[in-house]
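The values are calculated or read from the model by the stated rules, or taken from the named source; none is laboratory data. Please read all numbers here as calculations on a predicted model, not as lab measurements. We place every Cβ from the backbone using ideal geometry, glycine too, and count neighbours over all the protein chains shown. Accessible surface is based on the protein model in full, side chains and every heavy atom, while ligands, DNA and RNA are left aside. Shrake-Rupley method; radii C 1.70, N 1.55, O 1.52, S 1.80 Å.
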Amino acid sequence: MKFKLDKTLSLVAVGVLSVLQGVQAAPVYEIINIDLDTYNLNGTIDNTRNGYGMAVNANNEAVGAAKGKKKLTVSEDDDGVIDIEDGVADSETITYSVNLPIIANNFTFNSVGNEWMPVFESVNGTTAPTFPEDEATVNSVDTFFYDINDSGLKVGAMTAKEIPLEYTGTSDTQEFWYYRDYEQRGFVKSGTDTEIPLKPPYTEYIYKEGESSEQTINVGGFSSASAVNTSGLVTGYASTEISDNSANIVKSCVDNDSDTAPQEICIQAAQFPNQYGYSDIQYQIRGYVWQYEAGNDTPTATLLPLGLEVTNDSVYSAQGLGLNDDGVVAGRSYVYRKNDKDRLYYDAAYWTKDTNGEYKYNWVDVDKVEDVLSSIAYDINDNGILVGSYNKYIDGYRRDKFFYFDTNNPETALVTPNDFYNSISDLSSRGRDINNQGQVVGYIETTHDKEKPRPKAAFLYDLPSKEFNNVNDLLTCESKGYKKNTEGQWERNLVEVQDGSGKTLTYKSEILVVEGNSINEDGTIVGTAFIRKPSYKFDDEGNIIIGDNGLPFFEINGYGDPVTSFLPRMVVLQPSTSGAEACTVIDDDGSNDNYERKGAASFAWLFALPLLWFRRRVK
């Protein structure tokens with residue numbers, strides 16, 4: 001039976017526990033989904049470039065998202081298509097246009113314990129990416145998994161399928177326009193069953209033509225499912241209305257004369273992301289919960305109240321992002337701090353049920369931390385401990401800082417834990433997930449550069465002992481890319497690759513865990529790691545350069561070694577049961593002097609983490 005803290009445990013009690021227990025050494029972790037023959041990380045599905053681990057349940061079932069199809073063009077003199085399994089090449093760039101077919105570039109996968117191999121899972125009729133690409137199975141639907149509960153119930157978000165519409169414009173070469181019924185829809189999926197869409201309350205705009213006539217215009221609406229608990233309660237967010245400015249855009253599309261694009265195409269063009277990643281049509285977004293029940297295709301939806309009373313036409317948002325088995329929801333909402341109408345912020349929040357079973361909004365009091373600009377809560381455990389981050393200026397720069405908060409004792413201040421230096425540094429950090437043992441995972445920056453993007457590393461924070469660790473400092477040597485030589489000493493695994501000239505090149509294996517997204521009660525962590533791969537050489541037109549032997553050429557540095565870069569892949573880490581020790585090996589070239597278990601890592605050459613999280617889970 002798993003140990004579980006009493007649900008009424010306060011932070012005061014947690015402090016007492018830490019004194020009684022003393023500081024416990026953090027567990028040593030092993031990367032489970034590493035192939036120790038090749039030192040490759042099995043962290044994405046076939047024929048995709050990137051992989052991200054999103055959630056893991058008590059049964060060692062994980063879900064994730066893959067991004068970036070393998071699609072390369074070769075020089076005109078070459079006939080074939082090159083498989084890029086061992087190298088870094090640009091993933092296909094997707095351009096959204098109503099004049100082009102809609103091509104998806106995000107795919108869902110599951111991964112089960114023991115082997116932990118990512119397996120493509122279809123949502124909304126998607127098919128697995130192929131290489132070379134099979135034109136008959138090109139997907140127009142983007143899909144994402146965000147969470148999985150202990151019963152295997154999965155939640156996430158998807159786009160609608162492409163709809164071709166006969167072209168009636170002035171071009172002599174275009175046959176169709178392309179649009180879809182909605183841009184994003186949350187869903188629930190049980191096992192291999194067809195997913196159940198979570199339809200938002202607002203999907204149609206009523207266009208009134210005078211006092212006696214009106215027209216119903218489909219705009220699609222917006223919803224997303226972020227988390228699910230053991231009882232099948234799902235939280236997320238959904239559209240409840242359209243902004244006034246967006247309504248004017250829809251009206252102009254309806255009023256277009258017959259010589260321009262049909263209204264479906266005009267509306268779709270306004271919904272596609274612009275150069276800044278935003279659409280011109282904006283929705284009022286509110287937090288929601290849905291109760292899933294097997295056999296019911298329409299889960300009961302409940303609105304989570306906004307943190308303020310709406311008195312004008314501004315666009316306000318609230319989001320449910322995490323929840324516990326008591327149905328308490330963590331997330332964020334627009335709010336007037338202390339009911340001061342001059343202090344509008346987007347702040348961390350949680351929603352609890354009152355004696356009548358109705359959800360009530362609760363603000364996480366960030367006023368007890370000086371000059372907080374915004375905050376967000378990502379998760380809450382069964383003991384009522386909420387985790388998230390706030391944003392403020394530190395030493396003249398905006399930084400995020402991980403915090404936790406005891407919702408059972410809301411009168412107490414939120415806690416910003418000390419990180420690597422037994423103090424609160426200027427390193428940005430975010431807490432993503434917390435289990436019932438008080439273990440928190442997330443990410444933290446690892447360098448103090450002021451003007452440059454800072455590399456990141458996954459962290460593990462133990463609330464009872466207040467121990468904060470860079471996960472990479474807890475790994476075994478094999479999990480970092482080392483193997484023992486014939487003399488029994490650890491050295492980096494050398495990977496051999498052959499290039500277009502027939503020459504054999506070598507580079508050193510290296511794996512860095514850059515974000516923890518989920519941790520179960522046994523301490524299994526799922527997240528994202530960077531794995532080192534060589535970079536291919538391209539010509540001036542962006543085509544990969546192929547040698548006479550049909551193999552690609554690699555970029556070479558001044559020492560004749562291949563230039564390497566990092567690729568993101570799902571990573572699965574479990575506490576070692578073999579008595580292994582954390583790796584303290586230092587490379588002879590000094591590139592990883594910071595691998596010693598002495599605090600913050602300093603990978604100056606690793607840039608900011610290009611994860612999908614904020615685009616997917618936070619609109």
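For (1) at pLDDT below 95; (2) crowded, with 16+ Cβ neighbours inside 10 Å, each residue gets a yes or a no:
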residue	(1), (2)
Asn485	yes, no
Ser501	yes, no
Glu510	no, yes
Ile519	no, yes
Gly523	no, yes
Lys533	yes, yes
Phe538	yes, yes
Glu541	yes, no
Asp548	yes, no
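Considering the stretch 21-68 alone, what residues qualify as being touching a helix residue (DSSP H, G or I) at 6+ places or on another chain (Cβ under 7 Å) and more than 28 Å from Asn229 (Cα to Cα)?
Across the stretch 21-68, the qualifying residues are Val28, Ile34, Leu36.
Please go through the stretch 567-600 and pick out each residue that is at pLDDT below 70, on the phi < 0 side of the Ramachandran plot and surrounded by 12 or more Cβ atoms within 10 Å (Cβ to Cβ).
Selection gives Ser591, Asn592, Asp593, Asn594, Tyr595, Glu596, Arg597, Lys598, Ala600.
Which is surrounded by 13 or more Cβ atoms within 10 Å (Cβ to Cβ), assigned to a strand (DSSP E or B) and over 25 Å from the mean Cα position of the chain (by Cα), of Tyr237, Tyr205, Tyr288?
Result of the check over Tyr237, Tyr205, Tyr288: Tyr205.
State all residues of the stretch 157-202 that are closer than 13 Å to Asn124 by Cβ, assigned to a strand (DSSP E or B) and touching a residue at least 40 places away in the same chain (Cβ under 8 Å); if no residue qualifies, say none.
Answer for the stretch 157-202, where residues must be closer than 13 Å to Asn124 by Cβ, assigned to a strand (DSSP E or B) and touching a residue at least 40 places away in the same chain (Cβ under 8 Å): Ala157, Gln184, Gly186, Phe187, Val188, Lys189, Ile196, Leu198.
Of all the residues that make up the stretch 127-173, how many are crowded, with 20+ Cβ neighbours inside 10 Å, modelled with pLDDT of 95 or more and touching a helix residue (DSSP H, G or I) at 6+ places or on another chain (Cβ under 9 Å)?
Number satisfying all stated conditions: 4.
Within the stretch 357-376, is even one residue out of contact with any Cys (no Cβ under 6 Å at 6 or more places or on another chain), within 27 Å of Val56 (Cα to Cα) and in a strand (DSSP E or B)?
yes
Of all residues in the stretch 307-335, which are open to solvent by 30 Å² or more (accessible area, probe 1.4 Å) and either modelled with pLDDT of 95 or more or within 30 Å of the chain's Cα centre (by Cα) (or both)?
Within the stretch 307-335, Ser314, Val315, Asp325, Asp326, Arg332, Tyr334 meet the criteria.
Does Leu505 meet the test of being open to solvent by less than 10 Å² (accessible area, probe 1.4 Å) and under 30 Å from Gly547 (Cβ atoms)? Quick ask: steps written out before the conclusion?
Numbers: open to solvent by less than 10 Å² (accessible area, probe 1.4 Å): yes; under 30 Å from Gly547 (Cβ atoms): yes.
Yes: the conditions hold for Leu505.
Of the residues Gly388, Gly357, Gly396, which is of a type in the set (Gly, Ala, Ser) and closer than 28 Å to Met54 by Cα? Break it down stepwise before answering.
Values: Gly357 fails: closer than 28 Å to Met54 by Cα; Gly396 fails: closer than 28 Å to Met54 by Cα.
Gly388 is the lone residue from the list that is of a type in the set (Gly, Ala, Ser) and closer than 28 Å to Met54 by Cα.
Any residue at all in the stretch 101-123 that's open to solvent by 20 Å² or more (accessible area, probe 1.4 Å), part of a loop (DSSP other than H, G, I, E, B) and of a type in the set (Val, Ile, Thr)?
Yes, that holds for at least one residue.
Just to be sure, is Asp244 within 30 Å of Val56 (Cβ to Cβ), at pLDDT below 95 and exposed (fewer than 14 other Cβ atoms within 10 Å of the Cβ)? Show your work before the answer.
Details: within 30 Å of Val56 (Cβ to Cβ): no; at pLDDT below 95: yes; exposed (fewer than 14 other Cβ atoms within 10 Å of the Cβ): yes.
Taking the combined requirement at face value, the residue does not satisfy it.
Can you report the number of residues in the stretch 208-234 which are assigned to a loop (DSSP other than H, G, I, E, B) and either within 21 Å of Asp326 (Cβ to Cβ) or open to solvent by less than 10 Å² (accessible area, probe 1.4 Å) (or both)?
Number of matching residues: 7.
Checking the conditions here, which among Leu474, Leu494 is buried (at least 21 other Cβ atoms within 10 Å of the Cβ) and either more than 15 Å from Gln439 (Cα to Cα) or under 26 Å from the mean Cα position of the chain (by Cα) (or both)?
Leu474
Here is a list: Tyr52, Tyr39. Which entry is under 25 Å from the mean Cα position of the chain (by Cα), at pLDDT below 95, of a type in the set (Phe, Trp, Tyr) and surrounded by 19 or more Cβ atoms within 10 Å (Cβ to Cβ)? Break it down into steps so the answer makes sense when it comes.
Values: Tyr52 fails: at pLDDT below 95.
Selected residue: Tyr39, the only one of Tyr52, Tyr39 that is under 25 Å from the mean Cα position of the chain (by Cα), at pLDDT below 95, of a type in the set (Phe, Trp, Tyr) and surrounded by 19 or more Cβ atoms within 10 Å (Cβ to Cβ).
Name the residues in the stretch 486-498 that are in a loop (DSSP other than H, G, I, E, B) and free of Cβ contacts under 8 Å to residues at least 60 places away in the same chain, would you? It would help to see each step written out before you state the result.
Going through the stretch 486-498, the residues in a loop (DSSP other than H, G, I, E, B) turn out to be 486-489, 493.
If the condition is that a residue be in a loop (DSSP other than H, G, I, E, B) and free of Cβ contacts under 8 Å to residues at least 60 places away in the same chain, then Thr486, Glu487, Gly488, Gln489 are the ones that fit.
What strands (runs of 3 or more DSSP E), lying completely within the stretch 387-449, carry at least 2 residues that are over 19 Å from Asn517 (Cα atoms)?
Correct list: 397-406.
Please find, within the stretch 336-354, the residue that is least open to solvent (accessible area, probe 1.4 Å) out of those that are outside any strand (DSSP E or B) and in contact with a Lys or Arg (Cβ under 6 Å, 6 or more places away or on another chain).
The selected residue is Arg337.
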